[in-house]
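Since the structure comes first, as structure tokens, the remarks are kept for the end.
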Amino acid sequence: MKNLTTLLSCFALISCAFAQNVTLVHESTSGSCDGAAYLDTGSINTQYGYNWWESDSTNALISMIASNPTDSLINLCPGDYLLHYYQNQGMDTVEYAFTINPASSNGLSATLYLSDESSSGSCDGSVVVSANGGTPPYYFEHSSGTNVAVDSSMCSGVYDVMVYDSQDTIILPYVISSPNYIYNDTTYSDSTITDTLASAPLENCSLDYATIDSVYVVNVQNLPGDSIEVTWAVMDMNGTSQFSNTYYLQGNYMGVYAFELNLYCTIKQTGANVYKARVNHYLNNNSLQVSAIDESFITRIFPNPAHSSVTLATSLEMKGRSYEIYDMKGTQVHNGSVVNQETVIDIQQLDRGTYFIHIKGSTPVKFVKN
């Protein structure tokens, strides 16, 4: 199983005990960017935190992509990454470098076709796994305990399936939802849909799933490597939360796409622990926020990473507009107003981690609090 790798080698800067608890899943098909890294925190001391970084071939840091308590990364493109681990009461940093390998052109691939429950608790959802490439025969292992390609007795919940042949392994997460917890936006009819793109299951326990009454796409940002970052807004009884997810697009971006956002919370009761939002969104040159955007409306933030404060650099047209800061779970943790072309924001009260700051009319910007 060459696509599923447990790291058994050790670097001088980090103990074997730590390295052996990192499992990698390499890209399954060329261009799919579905690599993953999983950290088993059960047998190591992570109380002082850890951060995941992109790096270049010399292990120089490029940007932080996740932070504690995230113990897994998904949707990784082939490339070099660093796992930073804090020890000695957080005073020292050690690092572990790893690489997500690209898939071979004739590698194993798999596609999931999902149907949700017809009614709450009916357990008649289904998953069909279609495997291609690689070397048949194919084998399937679902987290539900079945080992079939087609399962038509699925209850609402969060699952994954491992697909493998004699050489390669792919792990695909998926969600089966109840109609009570599905939000469908019908702004565009399904007959106009170019493609349906679903997120991996994203855990969030801050939402009250039973009171969600609106879900919409706030912003779409073009990213390198044929992918886009979609910023979502979800409204429940507690207000509005924002989430960002990266979707891989192939070919022409123009047209109507059905974007799916899959949320779950393991501590909620069965039947109310998953939520699916499906929004039909039209992508064009204006909605993609690509190079044609007016540079004067792009928000910049420095220093990044920061410890006690960050400075927003904006145009004069932004003066007086409100801004919000969200954590990685989509919870708003701070808000205020732009007071000048450079607005200083005190972040001492924020926990260490990754945040997004959003000014109305501008693309959300990511920053890191040390």
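The values are calculated or read from the model by the stated rules, or taken from the named source; none is laboratory data. No experiment lies behind these values; they were computed from the predicted model shown. Using ideal geometry, Cβ is built from the backbone for each residue, glycine included, and neighbour counts are taken over all protein chains shown.
Of the listed requirements (1) modelled with pLDDT of 85 or more; (2) among the hydrophobic types (A, V, I, L, M, F, W, C); (3) in a loop (DSSP other than H, G, I, E, B), A233 misses just one: (3). Of the set (1) at negative phi; (2) out of contact with any Phe, Trp or Tyr (no Cβ under 9 Å at 6 or more places or on another chain), all apply to G145 but (1). Selection of region 99-141 for residues being aromatic (F, W, Y) and under 22 Å from the mean Cα position of the chain (by Cα) yields only Y113. Just so you know, in region 171-185 the residues that are within 20 Å of the chain's Cα centre (by Cα) and in a strand (DSSP E or B) include one that is surrounded by the fewest Cβ atoms within 10 Å (Cβ to Cβ), and it is I182.
Yes/no matrix, rows are residues, columns are (1) more than 25 Å from S72 (Cβ to Cβ); (2) surrounded by 13 or more Cβ atoms within 10 Å (Cβ to Cβ); (3) in the same structural domain as A277 (by TED's automatic domain parsing); (4) among the aliphatic types (A, V, I, L, M):
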| position | (1), (2), (3), (4) |
| --- | --- |
| M154 | no, yes, no, yes |
| T169 | no, yes, no, no |
| T187 | yes, no, yes, no |
| D195 | yes, yes, yes, no |
| A198 | no, yes, yes, yes |
| L202 | no, yes, yes, yes |
| D236 | yes, yes, yes, no |
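Look at region 199-211: where a residue is of a type in the set (D, E, K, R) and a partner is buried (at least 17 other Cβ atoms within 10 Å of the Cβ), sitting 6+ places away or on another chain with Cβ atoms under 8 Å, you get E203/L263; E203/Y264; E203/C265; D208/D236. Taken over region 300-328, the residue count meeting the criterion of being of a type in the set (D, E) and within 23 Å of the chain's Cα centre (by Cα) is 2.
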